[in-house]
Amino acid sequence: MRDRDALDNNPHISRSALEAMHSQLFGWALSRCGMQRTAAEDLVQQAYVELLSGNARFDNKSSLKTFVFAVVQNLAKSRFRRLATRMRLVQQYQVADDVVDPTEPSAQNNIWIAVRELPTRQRDIVELVFCRDLTIEEAAAVMRVSVGTGRAHYDRAKKALREKLKEWSETDR
């Protein structure tokens, strides 16, 4: 890392590394905010403020990606704690027209419908591993659970998805 690329209050973080992971970080923030773009933008901006100010200090105990994703996760939890229950209820009973086209059934739509139906921790680990390219170990660190717990959630999520998709494929016959 070039010295001028390092953050002043967080010398182990480079601006170029943050820029490289920005799109994945924004996607994670979107999922933490119920796909509300403006809330996700605010969340990512707050994460950058925390990193630039040194309030969230990176100490090389994990990968930079894991650390930054955890900063967003923690900010989202503290910011949306009261709204989380309400948002889940609204999302549970509301179909997102832009995500699923009911006239065009596809395997990909079915997979993401099934993922949305998973319990929160299982849904989170599936998203972190498959969409955000984290390992199970890194995803567990972001979620602040042990690696064993992360693996258990991952395994349960795969089994639940397999069963749900199998059930749907048998129904379609």
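Return the pair list, or none, for Cβ contacts closer than 8 Å from residues in region 35-47 that are under 11 Å from residue 25 (Cα atoms) to residues that are exposed (fewer than 15 other Cβ atoms within 10 Å of the Cβ), at least 6 apart or on different chains.
The qualifying pairs are 44/22.
Identify the single condition in (1) basic (Lys, Arg); (2) over 24 Å from residue 122 (Cα atoms); (3) exposed (fewer than 14 other Cβ atoms within 10 Å of the Cβ) that residue 57 does not satisfy, given that it satisfies every other one.
Status for residue 57: all satisfied but (3).
Hey, among the residues in region 133-164 that are touching a residue at least 60 places away in the same chain (Cβ under 8 Å) and surrounded by 19 or more Cβ atoms within 10 Å (Cβ to Cβ), which one's nearest to residue 112 (Cα to Cα)?
134
Check region 113-120 and report whether any residue there is closer than 30 Å to residue 57 by Cβ, at pLDDT 75 or above and buried (at least 17 other Cβ atoms within 10 Å of the Cβ).
Looking for residues that are closer than 30 Å to residue 57 by Cβ, at pLDDT 75 or above and buried (at least 17 other Cβ atoms within 10 Å of the Cβ), one finds none in region 113-120, hence no.
From the list 145, 115, exactly one residue is in a helix (DSSP H, G or I), among the aliphatic types (A, V, I, L, M) and touching a helix residue (DSSP H, G or I) at 6+ places or on another chain (Cβ under 8 Å). Which is it?
Result of the check over 145, 115: 115.
Considering only residues of region 131-141 that are more than 15 Å from residue 26 (Cα to Cα) and not in a loop (DSSP other than H, G, I, E, B), which is nearest to the chain's Cα centre (by Cα)?
139
Testing residue 16 on (1) surrounded by fewer than 13 Cβ atoms within 10 Å (Cβ to Cβ); (2) modelled with pLDDT under 90, one condition comes back false. Which one is that?
Unmet for residue 16, out of (1) surrounded by fewer than 13 Cβ atoms within 10 Å (Cβ to Cβ); (2) modelled with pLDDT under 90: (2).
The values are calculated or read from the model by the stated rules, or taken from the named source; none is laboratory data. Only a predicted model underlies this, so the values are computations on that prediction, with no experimental measurement involved. Cβ atoms come from the backbone with ideal geometry, glycine included; neighbour counts cover every protein chain shown.
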